[in-house]
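*Asks:* Okay, handing you the structure first.
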Amino acid sequence: VKCALALDACCEALRKKAKQENINLGVTRIGIHTGIGIVGNYGGKERFDYTAHGDAVNTAARLESVNKHFGSRICVSESTANRCKNLNLRPIGNLLLKGKKQAIMAYEILTSTQDLAPTDDYRKAYLAMNGPSAIEAFGRLRQSYQDDYLVRFHYNRLSKGETGSTIT
């Protein structure tokens, strides 16, 4: 997680500098999951590949990929979040990731460079997700924090009649 935060800070600084030179770089997205994986050299004489395999690796890759749907940059699973104290997190939802049968809870790691809805206000709206007040809570946040992509995401899905925190 410390490496991901350092990588994110470096990439955002590079993106900001490039933008001053009228070069638009994409956002670096990171997914982190804690579990067992196999890492090593694979192949033979003709082709050699140092890589990682396993369910934990696949889950991390899926978490990296879902960032683009939520507008987040660093997405971590609950198994990672539980092992890292003092992280500034906000819940994304229970994600049913591609190729998985069971949803996993995912969080966005917040950095000091983001201008988002206050974490406490966001959490209150998120906790209301199963009730009728959720759309109103996210609507108020959306009005005040128009650039908060995750607030917009939840408001839009609630507006379409979706309920709860499970996202497919």
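The values are calculated or read from the model by the stated rules, or taken from the named source; none is laboratory data. On a predicted model such as this, the values are computed, not experimentally measured, just so you know. All Cβ positions, glycine included, derive from the backbone under ideal geometry; neighbour counts span all protein chains shown. Accessible surface is based on the protein model in full, side chains and every heavy atom, while ligands, DNA and RNA are left aside. Shrake-Rupley method; radii C 1.70, N 1.55, O 1.52, S 1.80 Å.
*Asks:* Per residue of the chain, what 222 nm ellipticity follows from adding -39500 (n - 2.57) for every DSSP H run with n ≥ 4, rounded to the nearest 500?
*Replies:* Details: 6 runs with 70 residues, N = 168.
After summing the helix terms and dividing by residue count, I get -13000 deg cm²/dmol.
*Asks:* Within 10 Å of each candidate Cβ there may be at most 12 other Cβ atoms; applying that plus a DSSP loop requirement, which GluC sites (Glu not before Pro) in segment 8-88 survive?
*Replies:* Answer by residue number: Glu21, Glu46.
*Asks:* Taking every DSSP beta bridge with both residues inside segment 1-77, roughly what % is antiparallel (nearest 5)?
*Replies:* In segment 1-77, DSSP labels about 65 percent of beta bridges as antiparallel.
*Asks:* Just to be sure I understand the model, the point goes 7 Å from the Cα along the line to the Cβ. What's the resulting Ile23 to Ser65 distance in nm?
*Replies:* Those two pseudo-labels are separated by 3.0 nm.
*Asks:* Suppose the chain between Glu46 and Thr163 were pulled fully straight at 0.36 nm per residue; how much longer would it get relative to their current alpha carbon spacing? Before the final figure, lay out the partial values.
*Replies:* Working: separation 117, 0.36 × 117 = 42.12 nm, distance 5.23 nm.
That pair, Glu46 and Thr163, stretches by 36.9 nm at full extension.
*Asks:* Can you bin segment 93-168 into rounded, prolate or oblate? Criterion: square roots of the alpha carbon gyration tensor eigenvalues sorted a ≥ b ≥ c, rounded for a/c under 1.5, prolate for a/b above b/c, oblate for the rest. Intermediate values should be presented prior to the final figure.
*Replies:* Details: a/c = 2.00, a/b = 1.27, b/c = 1.58.
Oblate shape, in that a/c is at least 1.5 and b/c is the bigger or equal ratio.
*Asks:* Which whole-number percent is the relative contact order of the chain (Cα, under 8 Å, 6+ apart)? Display every interim value, and only then the final one.
*Replies:* Values: 245 pairs, mean separation 29.1, N = 168.
Averaging sequence separation for qualifying contacts and normalising by length gives 17 percent for the chain.
*Asks:* Now for a different question. Whole number in Å², please: accessible area per residue of the chain, 1.4 Å probe, ligands, DNA and RNA not counted. Provide the component values of the computation, followed by the final result.
*Replies:* Numbers: 10550 Å² over 168 residues.
About 63 Å² of surface per residue is accessible.
*Asks:* As a test, work out the antiparallel percent of DSSP beta bridges whose residues both lie in the chain, rounded to the nearest 5.
*Replies:* Details: 15 of 20 bridges.
Antiparallel: roughly 75 percent of the beta bridges in the chain.
*Asks:* To continue, here is another question. Taking all protein chains as present, what is the carbon and sulfur share of the accessible area of the chain, in % to the nearest whole number, probe 1.4 Å? Let's see the in-between values first.
*Replies:* Values: 5260 of 10550 Å².
Looking at the chain in its full context, I get 50 percent from C and S.
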